[in-house]
Amino acid sequence: MIMTNGDLPETSLSPLYGYEELMGEEGGDSSWPELSENDPATTRYTTATTRTPKGAMFSRRQAYLHSPFTVLAELGISEEANMIHVVLMFHAHSSGGYAATWAGAEQVYPERFNVKLFCESIEREKVNIFFFVPTILNMILNFPHIEKYDLSSLKDIYYGGSATPRAMMEAAVIGVPYDKWCEVARAYVVLKEEHRGKVGEEELLEYLSDKVAKWQIPKSVGFYYGLPKNSVGKIARRVLREGQ
């Protein structure tokens, strides 16, 4: 759908509709219903990263207020931004899409995510901002042809989901049974290929010793070639916990 004061532009997009044309086909006697800002707006289900899926409801007020907060206080998105959406739209309740729309930013929506399409889109559309999760970061960093693309338009990159120190490719920490304290933390780690066999539990725990509280340091570390993922590519801690 395109909103314009004139004729529709020539494009290969199909199907293509003009907003004014569609509106003109409708009757003019429709009335806007009275809605409360506290009425439910959307319901999304969590991805069962830690437990079974849970329904999370957002009111209209919450959905609206979250957008300017994200724009002004967190990301600083403006009308000069050109954001590519990498994670699925239901991730984080579509906060990136709401915020970018609220700010009047340009947005790029790839049909699906793969690194080649991602790099091509950034180069072609001159994307300057995006945010992502650990699994996508690993795919990008390990893409063998990334140097062939012009990604110089990127200005702001936001990352969230879990920490990625040093030699680790992926990591997750869950509680496991322990006789003395009932439960302690265990880290599940996937090392980058060049560090496999060279970095062990002692080195990782030493790295954490001055970065987190002592009680937060895992009691043990397990090394793996891969970790289970859920539908949006996040590490499925629930599956790790079930394996104990």
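The values are calculated or read from the model by the stated rules, or taken from the named source; none is laboratory data. If you're wondering where the values come from, they're calculated on a predicted model, not measured in any experiment. All Cβ positions, glycine included, derive from the backbone under ideal geometry; neighbour counts span all protein chains shown. What goes into the accessible areas is simple: the full protein's heavy atoms, side chains included, and nothing from ligands, DNA or RNA. Shrake-Rupley method; radii C 1.70, N 1.55, O 1.52, S 1.80 Å.
For the stretch 117-165, the candidate set comprises residues that are at pLDDT below 80 and among the polar types (S, T, N, Q); within that set, the residue that is farthest from the chain's Cα centre (by Cα) is Thr164. The single condition from (1) among the small types (Gly, Ala, Ser); (2) at pLDDT 75 or above; (3) under 15 Å from Phe132 (Cβ atoms); (4) open to solvent by 20 Å² or more (accessible area, probe 1.4 Å) that Gly97 fails is (4). Tell me yes or no: at least one residue of the stretch 168-181 is more than 30 Å from Arg44 (Cα to Cα), in contact with a Lys or Arg (Cβ under 8 Å, 6 or more places away or on another chain) and not hydrophobic (A, V, I, L, M, F, W, C). Looking through the stretch 168-181, at least one residue is more than 30 Å from Arg44 (Cα to Cα), in contact with a Lys or Arg (Cβ under 8 Å, 6 or more places away or on another chain) and not hydrophobic (A, V, I, L, M, F, W, C). For Ser152, the stated conditions hold: it is part of a loop (DSSP other than H, G, I, E, B) and without any contact (Cβ under 8 Å) to a residue 40 or more places away in the chain. Of the residues in the stretch 210-219, at least one is closer than 12 Å to Ala172 by Cα and not β-branched (Val, Ile, Thr). The single residue among Glu37, Glu147 that is closer than 24 Å to Glu170 by Cβ, among the acidic types (Asp, Glu) and without any contact (Cβ under 8 Å) to a residue 60 or more places away in the chain turns out to be Glu147.
The residues on offer are Glu170, Glu206, Glu201, Glu194, and the sole one that is of a type in the set (D, E, K, R) and within 22 Å of the chain's Cα centre (by Cα) is Glu170.
Just checking, which of Glu206, Glu194 is open to solvent by 50 Å² or more (accessible area, probe 1.4 Å), farther than 30 Å from Val108 by Cα, acidic (Asp, Glu) and at pLDDT below 90?
Checking each option against the conditions leaves just Glu194.
Considering the stretch 222-239 alone, what residues qualify as being open to solvent by 40 Å² or more (accessible area, probe 1.4 Å) and small (Gly, Ala, Ser)? Hits for the stretch 222-239 are Gly226, Ser231.
Table: residues versus (1) modelled with pLDDT under 75; (2) open to solvent by less than 70 Å² (accessible area, probe 1.4 Å); (3) in contact with a Lys or Arg (Cβ under 7 Å, 6 or more places away or on another chain).
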{"position": "Thr43", "(1), (2), (3)": "no, no, no"}
{"position": "Thr49", "(1), (2), (3)": "yes, yes, yes"}
{"position": "Gly55", "(1), (2), (3)": "no, yes, no"}
{"position": "Gln62", "(1), (2), (3)": "no, no, no"}
{"position": "Val71", "(1), (2), (3)": "yes, yes, no"}
{"position": "Glu79", "(1), (2), (3)": "no, no, no"}
{"position": "Leu88", "(1), (2), (3)": "yes, no, no"}
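In the stretch 111-122, the residues that are more than 15 Å from Ser152 (Cβ to Cβ) and without any contact (Cβ under 8 Å) to a residue 40 or more places away in the chain form Cβ pairs under 8 Å with partners that are open to solvent by 10 Å² or more (accessible area, probe 1.4 Å) and of a type in the set (Phe, Trp, Tyr), at six or more places apart or across chains, as follows: Val115/Phe143; Lys116/Phe143.
Might you check whether a residue that is under 30 Å from Thr135 (Cβ atoms), basic (Lys, Arg) and within 27 Å of the chain's Cα centre (by Cα) occurs anywhere in the stretch 55-64? Within the stretch 55-64, none of the residues are under 30 Å from Thr135 (Cβ atoms), basic (Lys, Arg) and within 27 Å of the chain's Cα centre (by Cα).
The residues in the stretch 97-121 that are out of contact with any His (no Cβ under 8 Å at 6 or more places or on another chain) and in a loop (DSSP other than H, G, I, E, B) can be counted, and the count is 6. A residue that is surrounded by 13 or more Cβ atoms within 10 Å (Cβ to Cβ), within 30 Å of Tyr98 (Cβ to Cβ), of a type in the set (Ser, Thr, Tyr) and in contact with an Asp or Glu (Cβ under 9 Å, 6 or more places away or on another chain) can be found somewhere in the stretch 159-175.
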